[in-house]
Every structure is written in structure tokens, then in C-alpha cells.
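Visitor: First the structure, then my questions, so here it is.
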Amino acid sequence: MADTKNIAVLDSSIVDRLPASSSTLFAAKASKRLTFESIASSLGRSEVAVAALFYGQAQASVEDVKKLAEILDVDEKKLGEQLLGFPDRGRAGPMPPVEPLIYRLYEVVQNYGYAYKAILNEKFGDGIMSAISFSTKVDKEIDEQGNAWAVITMRGKWLPFTRF
């Protein structure tokens, strides 16, 4: 179970780059002291997918809006007006990222991207991993010494390049 003393709230420094739904969702989440994990469980989606909805980086369904309105006790019509439609992905922050955690994720790809590519090409041939037919999750592991480790799993459909 997630630690409810560490409830994620909206970072005010990026609010101007996010859709109106982000403020609505984060305010309701904070007021109810809910975690992404608990919302995801009630919504029937992964916690990363729910967080992506909160940041306007994923598309919500009518059913998502209905359930979110109920879970968060917000007006369904207002939430639908804000959340339904097509997301404008990738605009939440500058490139390269300046937020330290996001920068470290970016740094992982900078440092290991070609190694990942080489291994993926050896295993699958020429192609790319989809970020559309994609799932991801975040887990927490504690080692024998009591150190916390972040475990991020990415699962993307392999799309081979074909010759013309």
C-alpha cells in the first residue's frame, strides 16, 4: 500500500503548461488524501496511466470521467469538458528536463540508450519499441540493507521496420 503521508500534489511551476483538468484533478486528489495507487485501483487502470491522465498526457474515456468524478467528488460535466478530447502530449516540461528526477530518467536514456538499442536489435531485429502499444509500472523494492530501490518496468510492442 502506498504511503499516504507522501501524497503527490501538482507542481505549481508547471501549471501554466498543463490543461485545466490537471488543477481540478490534483486539488480533489489532495483534498481527499488519495494516492495514484488508490485511484487506479478504483478506476481499474494502472497508477502510471492515472497519473498520465492527471497531467493531460493520456486520453480519458467517458467511463474514466464518470468514475473519476465519483472517486474525487468533482462535477462530472465540468471534468468531462476539461478531460475529454485529445491529449497534447509532451508539453509539460522543457527539454532537456530541469526537474531532477525527470532529468535522471532522461540521463538513463542518454547513458544507456544505445546499449538498449543494440540489445533490442539483437533480440528483435531492426525496429522500434512502441510508446503507443505500451504499458509501464513503478514498484518499490527494499534490499537486505534496508535501501529503497525504484523499479520501473516498460513494456512496448515491437514494431519491425519493413523494407520498401
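Visitor: Restricting attention to region 114-131, which residues are open to solvent by 70 Å² or more (accessible area, probe 1.4 Å) and without any contact (Cβ under 8 Å) to a residue 24 or more places away in the chain?
Guide: TYR114, TYR116, LYS117, ILE119, GLU122, LYS123
Visitor: Is there any pair linking a residue in region 136-147 that is assigned to a loop (DSSP other than H, G, I, E, B) to one that is exposed (fewer than 10 other Cβ atoms within 10 Å of the Cβ), with Cβ under 7 Å and at least six apart or on different chains, and which?
Guide: Final answer for the pair search is ASP143/TRP149.
Visitor: Condition check: open to solvent by less than 30 Å² (accessible area, probe 1.4 Å), small (Gly, Ala, Ser), under 22 Å from ILE152 (Cβ atoms) and touching a residue at least 12 places away in the same chain (Cβ under 8 Å). Does ALA40 satisfy that?
Guide: Here the answer is no, as ALA40 does not meet what is asked.
Visitor: Is one or more of the residues making up region 82-89 aromatic (Phe, Trp, Tyr), open to solvent by 100 Å² or more (accessible area, probe 1.4 Å) and farther than 27 Å from PRO19 by Cα?
Guide: Looking for residues that are aromatic (Phe, Trp, Tyr), open to solvent by 100 Å² or more (accessible area, probe 1.4 Å) and farther than 27 Å from PRO19 by Cα, one finds none in region 82-89, hence no.
Visitor: Taking ASN111, is it modelled with pLDDT under 90 and either under 17 Å from the mean Cα position of the chain (by Cα) or among the polar types (S, T, N, Q) (or both)?
Guide: No, not satisfied.
Visitor: Confirm whether LEU101 is in a helix (DSSP H, G or I) and either at positive phi or open to solvent by 100 Å² or more (accessible area, probe 1.4 Å) (or both).
Guide: Considered against the rule, which asks whether it is in a helix (DSSP H, G or I) and either at positive phi or open to solvent by 100 Å² or more (accessible area, probe 1.4 Å) (or both), LEU101 comes out as yes.
Visitor: What's the number of the condition ALA58 fails, among (1) part of a helix (DSSP H, G or I); (2) touching a residue at least 24 places away in the same chain (Cβ under 8 Å); (3) in contact with a helix residue (DSSP H, G or I) (Cβ under 6 Å, 6 or more places away or on another chain)?
Guide: (1)
The values are calculated or read from the model by the stated rules, or taken from the named source; none is laboratory data. None of the values given here were measured: they were computed from a predicted structure. Note that each Cβ is placed from the backbone with ideal geometry, even for glycine, and that neighbours are counted across all protein chains shown. In case anyone asks, the SASA skips ligands and DNA or RNA and just uses the protein heavy atoms, side chains included. Shrake-Rupley method; radii C 1.70, N 1.55, O 1.52, S 1.80 Å.
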